[in-house]
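Starting off with a structure, shown below.
Bear in mind that the values in this text are calculations on the coordinates, not laboratory data. In this text the structure is predicted, and so the values were computed from the model without any measurement. Cβ atoms come from the backbone with ideal geometry, glycine included; neighbour counts cover every protein chain shown.
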Amino acid sequence: MSDTTATQTPPMGALLARWLPRAEALLIPLAALLCGLAVFSLFLLTLGKSPIDFYALIYKAGFSTAFSWQNTLSRVAPLLFAGLCVALPARLGLVVIGGEGAIVLGGLAAAVLGLAVVGAPPVIGFVVMAAGAALMGGLWIGAVGWLRFKRGVNETIASLLMAYIAIALMNHLVEGLFRDPQSLNKPSTAPLPEALRVGDMPIGIDVHWGFAFGVLACVISWVLMDRTTIGFAARIAGDNVRAAQVQGLPVGKLIIGFTALGGACAGLAGFFEVSAIHGSANGSLISGYGYTGILVAFLARHNPLAIIPVATLLAGFEASSGLIQRRMDLPDATILVMEGIVFVVLLLSETLYGRLAIFNPTFWEKKA
Amino acid sequence: MSTAADIGIWGVPLAIIGGAIRVSTPFLFVSLGECLTERSGRINLGLEGTLVFGAMSGYAVAYGTGSPWLGVLAAAMAGVLFGLFHGWICKFKGVNDIAIGIALMLLGMGLAFFFGKPYIQPVAPDLPAIPLGWWSDIPQVQAALQVNALFLIGAVLAVALHWMFKNTRVGLAIRVAGDSTDAARAIGLNPDTVRLLSTAAGGALAGVGGAYLSLYYPGSWNEGISSGQGLMAVALVIFARWNPINCFWAALLFGGAGALGPALQSVGVTSGYYLFFAAPYVLTLALLIITSSPDKAMEGAPGALSITK
Amino acid sequence: MKRELTRRHFLNTTAAMGAATLAGAMMPGQARAASDLTVGFIYVGPKDDFGYNQAHAEGAAAVKEMAGVTVVEEENVPETVDVQNTMESMINFDGATLLFPTSFGYFDPHILEVAPKHPDVRFQHAAGLWSADKHPMNVGSYFGYIGMGQYLNGITAGYASKTKKIGFVAAKPIPQVLQNINSFLLGARSVDPEITCQVIFTGEWSLAVKEAEATNALADQGCDVITCHVDGPKVVMETAAARGAYVCGYHADQTALAPEKYLTGAEWNWAGVYTGMVQTVLDGGSIDNFVRGGLSDGFIKMSPLGPAVSDAARNQFEATKAEIMKGGYSVFKGPLKDNAGNVIAADGEAFVETDIALESMNYLVEGVLGSTS
């Protein structure tokens, strides 16, 4: 039906076919975001608090001044990597929820390797640390994929169990074998030298390079998933394993490869946490980024490019939590409530895709 | 305190038994609830949020009314609300049940922390325990066998659910809805309604699991009361292969193995305690690997579940 | 003073002036009562945890009462980039010039990262080991000799214990915790040298179920007086009392949680310390970079003795407390060995309360059942 109209008016039809899906992908979530904020406003009003003040504070703390942007963007990097750790395996229909383990062990690997190459040129040091962290994370989550393929072990529970095991291992090693005797009241590995600390990007605010590399990782993942035959094969395998096997696709390699790649991303999150923020590996690495990453990936519908705005929005919300506590006399959990409401509405809005007439080319063609 | 007997190394098996009874109940209730939900064809990953909200609301009501059982009831009702909400949203086409679960986890925890601030300090009445250790004159045995009624209810519930799935019309309806949406429609069932009710009932059980945490063991409300029991219990359902009886054993295993770390330290096995604390996870993973095989990756799994596709 | 400062920060950090003034104009709380000083308190957990954070929050509450001072607070701030942002946010948006980031883990690298960027702001950190050759001058550390309180706890425990076994639920084997464990046992041994202390490490600062399990394991082994060093002692106190054991408190007063079983407790007394420091700044003075204090300085205090404390215990408790109040008291004195048999102090050797060496303690003394790794 629409085919025939499209052939009759090629320029207009092609234009609509090209832009309407994009408009849909942008406008539906935006409208949902506003709806979610409106619902949360009702919550605030019943408490006798002003929604206008509340949103003004979010804007102020998260997005108004240069410092606000620093406050927001400096929280984004681990969310990007952790989101990829969920989104990449999701392409194969796998639900990996244990990225936290790969972050923690990746961070530990980076810290230990960094100390091993002290004195080498920084470039080599960084490469060794980052590669080691990615390898560690890749092996950890890749093992989940391997167990899934070889033994049919469910990846959701295996990755969660392994996250707890990873945390225990990290704590054990940081308080034992790798403990710096000087780290008195906070058991840590020895501090990395200044030369092996990832610095801030030259953009005038203190946001470290992890942000840029996180964005880069998202873009590369998008290309891999949407523009290569490997990504295409993964999608087929994700839709129907049997069909993929019949077509001769290497399902095992795809499963292990995509889980390992996701784990490598999580490992890199650990590397940047250690090298850019903490300067050593210690218990502070266990801060739940891996679990926030699950939320980020699902909100982004496992689209690596969408992970970037979602993570930034989430970081902005988190950045404003403090100011809201201080100015409005609301508990720190207020932001959690808001995130919960907004995200439920956002996810609910997914039901609208393909069902609104204004995003259907025929709607416009009839008018024209 | 009657004088404690010197039980030495016997403290370890005793702690494992006691720990299995004390610690397992939240895992048991949440996993039974999730089992019920998943058998109907939906995943509710958000039971951690329901658990935490149940812990808070149960504690608050118990404190306000002076009755811990009213607290349990309130927690169950709160769980029903969360379950209904999840079930209602997920009936819309194109909405991902796992993602909604995660968002509801956030919302549940947020609301619990938000409204729970005034209840961190007050002391609410605890649920009573049944002294099943009366036959022994060793105080440690008596203490280990202080069994809460909820644990026994949970055990009975596991058997009852198993029986229900096998032998009742309701059980059949849930199983059919869980295995195939089309098949359910074909025999005149509305799969959305079945799933809505199953998710609501599952939420109620998760809420009770939370109330156990705040009203019995450890028996207080604070923001760190749950250390991920709700999330873990959801995962345990897969381990239990969607079988309620297995959920019971899985919860016991988890509780008992969790007691290993502190008990070993108390008898002098002091180094490497982090590794002993990881015992429940290592054991579960090992059992999972041993009992799985590539041919029956999803044995027992409801066919309509989104992770099985 | 403060206006200028905030304004300068504003100008420095504002990319789009229009947006900033707009946001500023509609900001709530912008027109708050003029004050001479804004003080920020940052807590790692909830501020009503019956423990570490509550102790600091009670200090902050006392500061709030002072004229000309505005207090801003934030709870549940993790030891990640979050705390750096919280500190900067308090400086940039609230004009705070005196900060109390109260968790140990905030110090390195977070305070050390932020402090050099804000030389006009004073960062006061609890428990850190500030040293002049390594750390910025606008950073200071303060702490109290709370081990003395655990020693006094131990005295009441020594009298109360019938099994001669006492128990300690500890988070991590770090110097502060080890010193508390050792002091608790040495206090008990000053009553009866036969007493031993079983320690169980939970590995985390706040983990309710594990703390309860640890307490039960101690009770199973016959420990009949139990204390702890975790962030929120509520679970340990309630679980131990339910098992019929006596309890000694830590961080804050926990009498209300176990009125019959509570012997006494080692508490922080930050109210006096914080108001003192804030007054110094208000008067234009400067706070010393390295501050320590004990019972006599009002940094710590003891909970009121509970009903189960015998007269004999009360007498020794009061006498020892009076000795400690004079200053120069030594809990760690020779002959003293660690529980692996190494000599810690030879006969006649002693570490006085203020000895900095005690702050890097890495051993458990003889009589403590447990190990440091």
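For a Förster distance of 51 Å, can you work out the FRET efficiency between the beta-carbons of residue C:296 and residue B:182, rounded to the nearest 0.05?
0.05
Hey, another quick one. For the stretch B:234-276 and the stretch C:277-316, what is the separation of their Cα centres, given in Å?
43 Å
Moving on to the next point. DSSP loop (so not H, G, I, E, B), at most 15 other Cβ within 10 Å: list which GluC sites (Glu not before Pro) in the stretch C:175-251 pass both filters.
Hits after loop and neighbour filter: C:194.
Per residue of chain B, what 222 nm ellipticity follows from adding -39500 (n - 2.57) for every DSSP H run with n ≥ 4, rounded to the nearest 500?
-22500 deg cm²/dmol
Where nothing but the Cβ of Lys and Arg (+1) and of Asp and Glu (-1) is charged, how large is the charge dipole of the protein assembly as shown around its Cα centre, in debye to the nearest 20?
3160 debye
For A:178-189, what's the mean count of beta carbons from other chains sitting within 10 Å of each residue's beta carbon?
4
Same structure, new question: Go from 0 up to the bin containing the longest alpha carbon distance in the stretch A:71-115, width 10 Å each, and give me the % of pairs per bin.
25, 41, 29, 5
Mind pulling the angle between the C-alpha long axis of helix A:229-239 and the longest principal axis of chain A? Nearest 10 degrees, somewhere in 0 to 90.
80 degrees
Over all directions, what mean area does the Cα convex hull of the stretch B:8-308 project, stated in square nanometres?
Mean projected area for the stretch B:8-308: 16.9 nm², to one decimal.
Round to a whole angstrom and tell me the spacing of the C-alpha centers of the stretch C:167-203 and the stretch C:352-373.
9 Å
Counting other C-beta atoms within 10 Å, and keeping those with at most 12, which DSSP coil chymotrypsin sites (Phe, Trp or Tyr not before Pro) do you find in the stretch B:192-248?
Loop-located and lightly packed - none at all.
Output the direction-averaged projected area (hull surface divided by four) of the convex hull of the alpha-carbon atoms of the stretch A:120-213, in nm².
8.9 nm²
Please state the equivalent ellipsoid semi-axes for the protein assembly as shown: what are the square roots of 5 times the Cα gyration tensor eigenvalues, largest first, in whole Å?
Each semi-axis is the square root of five times an eigenvalue, giving 47, 36, 27 Å.
Sticking with this structure for a sec: If you take each beta carbon of peptide B:226-234 and count the beta carbons of other chains within 10 angstrom, what is the mean?
Rounded to a whole number, the mean comes out at 3.
For the stretch A:144-294, what's the radius of gyration and Dmax over Cα atoms, in angstrom?
19.0, 59
Just to check, using Stokes-Einstein with a Kirkwood Rh over alpha carbon pairs, what's the diffusion coefficient of chain C at 10 °C and 1.306 mPa s in µm²/s?
73 µm²/s
I've got another one for you. Given N residues in the stretch C:84-135, what is Rg(Cα) / (2.2 N^0.38 Å)?
Output field value: 1.05.
With both bridge residues required to lie in the protein assembly as shown, what share of the DSSP beta bridges run antiparallel, to the nearest 5%?
25 percent
Taking H placed 1.01 Å from N in the peptide plane, check which residues at least 5 places from residue C:250 or on another chain put their amide H under 5 Å from its amide H.
C:266
Please list the radius of gyration and Dmax for the stretch C:265-373, considering alpha-carbon atoms only, with Å as the unit.
Here Rg and the maximum Cα pair distance are 17.6, 52 Å.
Also, I was wondering about something else. For the stretch B:203-243, take the convex hull of the Cα atoms, compute a quarter of its surface area, and give me that in nm², please.
Across all orientations, the stretch B:203-243 yields a mean hull projection of 3.2 nm².
Further question: Run the numbers on the stretch A:76-329 and let me know its relative contact order in percent, using alpha-carbon pairs under 8 Å that are six or more apart.
Contact order relative to length: 41 percent.
Can you list the residues of the stretch C:187-208 with backbone N under 18 Å from a point 7 Å past the Cα of residue C:310, pointing along Cα to Cβ?
Residues C:187-196 fall inside that zone.
Which whole-angstrom value gives the distance between the alpha carbon centres of the stretch B:98-125 and the stretch A:182-209?
The stretch B:98-125 and the stretch A:182-209 have Cα centres separated by 35 Å.
A follow-up question, please. Please sort by residue number the GluC sites (Glu not before Pro) in the stretch C:54-146 whose DSSP state is loop and whose Cβ has at most 13 other Cβ atoms within 10 Å.
Passing both the DSSP loop test and the Cβ count: C:65.
Next up: Is there a quick way to get the dipole size of chain A? I mean about its Cα centre, with the Cβ of Lys and Arg at +1 and of Asp and Glu at -1; what is the value in debye to the nearest 20?
720 debye
Along the charge dipole of chain B, which of B:266, B:49, B:90 sits closest to the positive end, that is, farthest toward it, with unit charges on the beta carbon of Lys, Arg, Asp and Glu (+1, +1, -1, -1)?
Result: B:90.
Past 22 Å, Cα to Cα: identify those pairs from C:165/C:337; C:172/C:321; C:210/C:234; B:117/C:64; C:234/C:326; B:93/B:166, in the order given.
C:172/C:321; C:234/C:326; B:93/B:166
Moving to a separate point now. Let's see if you can work this out: charge +1 on each Lys and Arg Cβ, -1 on each Asp and Glu Cβ, no other charges. What is the dipole magnitude of chain B about its Cα centre, in debye to the nearest 20?
With Lys and Arg at +1 and Asp and Glu at -1, about 720 debye.
Another question, if that's okay. Take each complete run of DSSP H in chain B, measure how far its Cα atoms stretch along the helix's own axis, and keep only those covering 30 Å or more with mean Kyte-Doolittle hydropathy at least 0.5; list them.
Both cut-offs are met by B:11-39, B:68-90, B:191-215, B:244-266.
Measure off 7 Å from each Cα along the Cα-to-Cβ vector at residue A:219 and residue A:179, then give the distance between these two points in nanometres to one decimal.
According to this spin-label approximation, the distance is 4.5 nm.
At R0 = 60 Å, how high is the FRET efficiency between residue A:360 and residue B:130 if r is their beta carbon distance? Nearest 0.05 is fine.
Efficiency, rounded to the nearest 0.05: 0.40.
Could you check the simple spin-label distance between residue A:240 and residue B:170, using points 7 Å along Cα→Cβ, in nm with one decimal?
With each label point 7 Å from Cα toward Cβ, the separation is 3.8 nm.
Looking at the stretch C:69-228, what % of the alpha carbon pairs are farther apart than 29 Å?
For the stretch C:69-228, the fraction of Cα-Cα distances above 29 Å is 37 percent.
Give me, ordered by chain and number, the residues 5 or more places off residue C:290 or on other chains with an amide H under 5 Å from its own placed amide H.
Long-range HN contacts for residue C:290: C:141.
Then there's this: For a quick check, take a GNM of chain B with Cα springs below 10 Å and name the residue from B:87, B:54, B:268 with the largest mean-square fluctuation.
B:268
Efficiency by 1/(1 + (r/R0)^6): what FRET value for residue C:286 and residue C:326, r their Cβ-Cβ distance, R0 = 25 Å, to the nearest 0.05?
Efficiency for this residue pair is about 0.30.
Looking only at A:145, A:270, A:199, which one moves most when chain A is put into a Gaussian network model with springs between Cα atoms under 10 Å?
So, out of A:145, A:270, A:199, the one fluctuating most is A:199.
Around residue C:71, which amide H atoms from residues at least 5 apart in sequence, or from another chain, sit under 5 Å from its own amide H, with H modelled in the peptide plane?
Answer set, sorted by chain and number: C:39.
Per residue of A:145-156, what is the mean number of Cβ atoms on other protein chains within 10 angstrom of that residue's Cβ?
Mean number of neighbouring Cβ atoms from other chains: 5.
Using only the alpha carbon atoms of the stretch A:76-329, find the Kirkwood hydrodynamic radius as the inverse mean reciprocal pair distance, in angstroms to one decimal.
Computed over Cα pairs of the stretch A:76-329, the Kirkwood hydrodynamic radius comes out at 18.4 Å.
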